[in-house]
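Everything on this sheet refers to the single structure shown next.
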Amino acid sequence: MDWTVTLTRAAAKQVARLNPDLKAAVRLLVRDLQEQGASLNGQWSNYGKLRGQRGDKRHCHLSKGRPTYVCCWQVINKQNLEVYYVGTHEKAPYG
């Protein structure tokens, strides 16, 4: 079963500002999300559910070092995911 992955308008703008290596990482992540759904089972660095957030929100790291870049998404229903943030760890909307 393939999942539908959409990016919010804000996330699409954030991806557009990334360097080519990070854009490639986002493309790979989106492809993995489309094929496997929300559970990536440890394939991506620091993957996990975000606790203390409304809904089923998850994240993973796209790069290591400083700054660390992360991607955050939420499960909308059993076949749809929405990426709502791609950027630095320091500005991530999970605290």
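Taken together, the values in this text are just the output of simple stated rules run on the coordinates, not laboratory data. Computed from a predicted structure; not experimentally measured. All Cβ positions, glycine included, derive from the backbone under ideal geometry; neighbour counts span all protein chains shown.
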> What is the spin-label model distance, in nm, from residue 21 to residue 6 if the labels are put 7 Å beyond Cα along the C-beta direction?
Replying inline: 3.3 nm
> Whose amide H sits under 5 Å from the amide H of residue 76, counting only residues 5 or more places off or on another chain, with H placed in the peptide plane?
Replying inline: 81, 82
> Which whole-number percent gives the relative contact order of the chain, counting Cα pairs below 8 Å spaced six or more residues apart?
Replying inline: 31 percent
>> Using the Cα centre of the chain as origin and beta-carbon charges of +1 (Lys, Arg) and -1 (Asp, Glu), tell me which of 4, 92, 34 is placed farthest towards the positive end of the dipole.
In response: 92
> Any idea what the dipole of the stretch 4-91 comes to, in debye rounded to 20, about its Cα centre with Lys/Arg Cβ at +1 and Asp/Glu Cβ at -1?
Replying inline: 240 debye
> Once every DSSP H run of n ≥ 4 in the chain is given -39500 (n - 2.57) and the sum is divided by its residues, what mean residue ellipticity at 222 nm do you get, rounded to the nearest 500 deg cm²/dmol?
Replying inline: -8500 deg cm²/dmol
>> Over the chain, with a Gaussian network built from C-alpha contacts below 10 Å, which listed residue (32, 56, 21) shows the highest mean-square fluctuation?
In response: 21
> Tell me, in nm to one decimal, what length is gained between residue 77 and residue 31 on full extension, where the rule is 0.36 nm per residue of separation less the Cα-Cα distance?
Replying inline: 14.8 nm
> Once all Cα-Cα distances of the stretch 10-49 are split into 10 Å bins that start at 0, what whole-number percent is in each one?
Replying inline: 27, 50, 23
> What is the diffusion coefficient of the chain in µm²/s, taking the Kirkwood radius over Cα pairs and the Stokes-Einstein relation at 25 °C with a viscosity of 0.890 mPa s?
Replying inline: 186 µm²/s
>> Compute the helix-to-body angle for 20-36: its Cα long axis versus the longest principal axis of the chain, expressed 0 to 90° and rounded to tens.
In response: 10 degrees
